[in-house]
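First up is the structure itself, then whatever we jot down about it.
The values are calculated or read from the model by the stated rules, or taken from the named source; none is laboratory data. The shown structure was predicted, so the numbers you read here are calculated from the model rather than taken from an experiment. Backbone-built Cβ (ideal geometry, glycine too); neighbour counts: all protein chains shown.
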Amino acid sequence: MTATRVSVATAVLLLMLQAAHGAEAPAGASSCTGCHAAQAGVGAMRALNGMAAADIADKMTAFKGGSTPATIMDRIAKGFSAEEIRALAAWYAAQKP
Amino acid sequence: MTRASRRGFLEGAAAALLPLPAIAQGAAPKVVVVGGGFGGATMARFLKRASSKIDVTLVTDAATFTACPFSNHVIIGLREMAAQQFGYAQITAEGVTLAASAARGVDAAKRTVSLANGSTLAYDRLVMAPGIEIDWKGLKGYDEPASEIMPHAWKAGEQTLLLRRQLESMEDGGKVVMSSPATPVRCPTAIYERASLIAWYLRARKPKSKLIILDAKDTFSQQRNFQNAWKELYPDHLEWVSLSQGGGVSSVQVPTKTFVTDFDNFDADVANPIPPQKAAAIAQSTGLADRTGWCPVEPLSFESQLIPNIHVIGDAAMTGAMPKAAFAANAQAKVCAVAIAALLRGEKPAEPRLINTCYSLVAPDYGISFAEVFKPANGMLVDVEGAAGSSATNAPAEVRAREARYAEGWFKAITAETFG
């Protein structure tokens, strides 16, 4: 029995506990669907569910840095750190489109 | 580590993660949500999504909800009221129980809500999303009968249609007067959107007419964008009178549709006073509001700072920097739903981030926006530094048109998420 096995077991347990009440979204994620409808084709903005994580993270980072023109995302992206952007991107990539 | 000690370790880890609260051991936890607007309807739906085990009851006496965003388009005849109305069929299909009655009182000690239909609902957690009511003592001379002559149209519905009919029947050459109160009020930016769209209507249909806004403020959100657009689009049709220019209205006189300021009287052909507001009556009578008239909440779970086990979201809540708007109510509801699910499991809610976006239409094809990101600090929600801001003041027409389309897209997305 190694420490690794214990931590793997703990991680699995944690995942099971999370799954039992639905994986929790990272901070800020729940606000996005106010504009980016979960269902594709609703509204004017692209649905984020199922987008590649790298794609979301690259776009958010470019909006934040001002290298991509934007109407509103340049302002919103400035509210999130690089780490928070990675967490948002990973979470939306894992959601069913 | 032995097998026994490993099991002990895992059980210990589980216990640390999931201390069982009393309610988790018995019947399904009960959450009652009062109010069926953007806050309450989103709340009921997302609570059920956060945990299907929670027994969720949505209390609303309206069979359909009438949305305020885009109701300024209804006033100028560009949109019909049916496009503003949403039902609860999808929400009940997802397992939420609908109590089609008005909440009349709350017994916070017994944790019960009494309804107008005579029934009583018990709760483990109560969510109040009752919205605003007009502060009838806030503007001298303005009471409920007066609002039938001088409609406020600040709650979408019959008032919206009354203002529309008055504008339609006004002679060309008439004068429309609006008054704007001090903040905080529901969606203050929508006052300037309304003024803009009425000016657009006058320019197109009744070009000898004019709109005047008498304001209790000297500054407002997106002021430069609005004022630049007014100069460009409505130089002859819209006049803004700031507080320091004498815009503060001290009273209104109903028969003559007169706005009285310290310096002058403004007689209107169509009068649209936006009166001061406060949290709705049920929030006041429950004791959730403080001297400001609004309900202070703590920023992780929106639990009342005054009464435990009751959460307040949407326009009635006082959160710090978040404005009273549909986007904000919907964003708060989703955070609050996850927080309540955590509290019912005996866990501490996670630290949230919330976004608010307010779109305003200065003309049907000319949109501007203000966006903010919020985080908890010092017991309230504050702006994340650097993230708050308006649309660029020098944006070309193509960008204004795109923001107008995005505004409509936002309305479709948020109403689909809330009701659809």
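Structural remarks
- Filtered by the rule that a residue be farther than 14 Å from B:Gly35 by Cβ and among the polar types (S, T, N, Q), the stretch B:90-104 gives B:Gln90, B:Thr92, B:Thr97.
- Test: B:Ala129 is loosely packed, with under 15 Cβ neighbours inside 10 Å and of a type in the set (A, V, I, L, M, F, W, C): no
- Looking only at residues in the stretch B:407-420 that are surrounded by fewer than 21 Cβ atoms within 10 Å (Cβ to Cβ) and of a type in the set (Gly, Ala, Ser), the one that is farthest from the other protein chains (Cβ to nearest Cβ) is B:Gly420.
- On the stretch given as the stretch B:285-306, residues that are of a type in the set (S, T, N, Q) and buried (at least 17 other Cβ atoms within 10 Å of the Cβ) total 3.
- Residues of the stretch B:334-357 that turn out to be in a helix (DSSP H, G or I) and either in the same structural domain as B:Leu233 (by TED's automatic domain parsing) or in contact (Cβ under 8 Å) with a residue 60 or more places away in the chain (or both), as a count: 8
- Residues in the stretch B:31-54 that are in a loop (DSSP other than H, G, I, E, B) and not hydroxyl-bearing (Ser, Thr, Tyr) were compared, and the one that is nearest to the other protein chains (Cβ to nearest Cβ) is B:Lys53.
- Looking only at residues in the stretch B:387-404 that are assigned to a helix (DSSP H, G or I) and not basic (Lys, Arg), the one that is surrounded by the most Cβ atoms within 10 Å (Cβ to Cβ) is B:Glu403.
- Residues considered: A:Ala70, A:Ala53. Of these, the only one that is closer than 22 Å to B:Glu408 by Cα and among the hydrophobic types (A, V, I, L, M, F, W, C) is A:Ala70.
- Residue that is modelled with pLDDT of 95 or more, more than 9 Å from chain A (Cβ to nearest Cβ) and closer than 22 Å to B:Pro130 by Cβ, where the choices are B:Lys334, B:Lys324, B:Lys348: B:Lys324
- Any hit, the stretch B:176-186, residues being under 19 Å from B:Leu233 (Cβ atoms) and either over 19 Å from the mean Cα position of the chain (by Cα) or modelled with pLDDT under 95 (or both): yes
Residue-by-condition table, conditions (1) touching a Ser or Thr at 6+ places or on another chain (Cβ under 6 Å); (2) assigned to a strand (DSSP E or B):
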| site | (1), (2) |
| --- | --- |
| B:Tyr359 | yes, yes |
| B:Gly367 | no, yes |
| B:Ala371 | yes, yes |
| B:Pro376 | no, yes |
| B:Val382 | no, yes |
| B:Glu385 | no, no |
| B:Tyr406 | no, no |
| B:Lys412 | no, no |
| B:Thr415 | no, no |
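- Options B:Val373, B:Val362; residue that is touching a helix residue (DSSP H, G or I) at 6+ places or on another chain (Cβ under 9 Å), facing chain A (nearest Cβ under 9 Å) and modelled with pLDDT of 95 or more: B:Val373
- In chain A, counting only helices (runs of 4 or more DSSP H) that sit wholly within it, the ones holding 2 or more residues that are modelled with pLDDT of 95 or more and more than 18 Å from B:Ala371 (Cα to Cα) span A:53-65, A:82-94.
Okay, residues lined up against (1) of a type outside the set (Gly, Ala, Ser); (2) in contact (Cβ under 8 Å) with a residue 24 or more places away in the chain:
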{"site": "B:Gln85", "(1), (2)": "yes, no"}
{"site": "B:Ser101", "(1), (2)": "no, yes"}
{"site": "B:Arg104", "(1), (2)": "yes, yes"}
{"site": "B:Ala146", "(1), (2)": "no, yes"}
{"site": "B:Asp172", "(1), (2)": "yes, yes"}
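- Checked against the criterion of being within 11 Å of chain A (Cβ to nearest Cβ), over 23 Å from B:Val32 (Cβ atoms) and in contact with a Lys or Arg (Cβ under 6 Å, 6 or more places away or on another chain), the candidates B:Ala387, B:Ala404, B:Ala392 yield just one match: B:Ala387.
- The stretch B:55-96: number of residues that are assigned to a strand (DSSP E or B) and under 19 Å from the mean Cα position of the chain (by Cα): 6
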